[in-house]
1. Could you order the peptides 112-123, 81-92 from most to least packed, using the average number of other C-beta atoms within 10 Å per residue?
2. Taking a temperature of 25 °C and a viscosity of 0.890 mPa s, what whole-number D in µm²/s does Stokes-Einstein yield for segment 88-164 with Rh from Kirkwood over alpha carbon pairs?
3. Quick one: 3J(HN,Hα) in Hz for segment 157-164, Karplus 6.51/-1.76/1.60 with θ = phi - 60°, rounded, Gly and Pro as x.
4. Step through the table entries 67/119; 58/119; 107/158; 38/137, compare each Cα-Cα distance with 22 Å, and write down the pairs that go over it.
5. How large a share of the accessible area of segment 86-164, in percent, is made up of carbon and sulfur atoms when the probe is 1.4 Å and the other protein chains stay in place?
6. Taking H as built 1.01 Å from N, whose amide H comes closer than 5 Å to the amide H of residue 59, not counting residues under 5 places away?
Amino acid sequence: MYRICFIVLMLAFVGCNKVSKENQPTSLVQAKGVDQFKLTGTSWHISTIIAHEGTVDKELYLTKIPKQDTEDFFPNGNFIHFNTNGTFTCDYAAECGNDCFPESNGKYSFIGAEQLAFKVDSFATAGICDEIHLNFKPNELVYDIIQTSDSTFVLKNKRGTLKW
């Protein structure tokens, strides 16, 4: 009888321990920082276009683009594309063509596993809006990287300004 109770308690303990481990970060999901290969060569939804009309945002939110099984899936919203050559493009896609399309371009680099630096070259708009073309002087926007889940990052501005 005691053995049966002991076995039941052990199974309950192992089951509870397994549930608590699921909520803990894995090696790629860190409280602060990121494996740079998780971003390099990928595209993400972003809360706003980097350097939109020359502004520096205090926080940027990156969310993984969901994969769809249908061929007619066309995601819309703000995106950032981390190209494998160290450049980025941040742009907007609309459901239809009747909109304003902002875009920024530049270079990105990782500072260790905890920071991401953007060197923004330009910002421009096209479409149904006043056209803007800004070419920035040499700059560096540095953001702390905080990964909140396997599919979400928060970038918090640490330093940097834009001048044109």
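1. So the order, starting with the most tightly packed, is 112-123, 81-92.
2. Once the numbers are plugged in, D ends up at 175 µm²/s.
3. Ordered by residue, 3J(HN,Hα) equals 4, 9, 6, x, 9, 10, 9, 9 Hz.
4. Cα-Cα > 22 Å for 67/119; 38/137; rest within.
5. Carbon and sulfur atoms account for 49 percent of the accessible area of segment 86-164.
6. Sorted by chain and number, the residues that satisfy this are 157.
The values are calculated or read from the model by the stated rules, or taken from the named source; none is laboratory data. Note that this is a predicted model, so its numbers are computed, not measured. Glycine also receives a Cβ, built like all others from the backbone with ideal geometry; neighbour counts cover every protein chain displayed. Ligands, DNA and RNA are stripped out before the accessible areas are found, and what is left, the full protein with its side chains, is counted by its heavy atoms. Shrake-Rupley method; radii C 1.70, N 1.55, O 1.52, S 1.80 Å.
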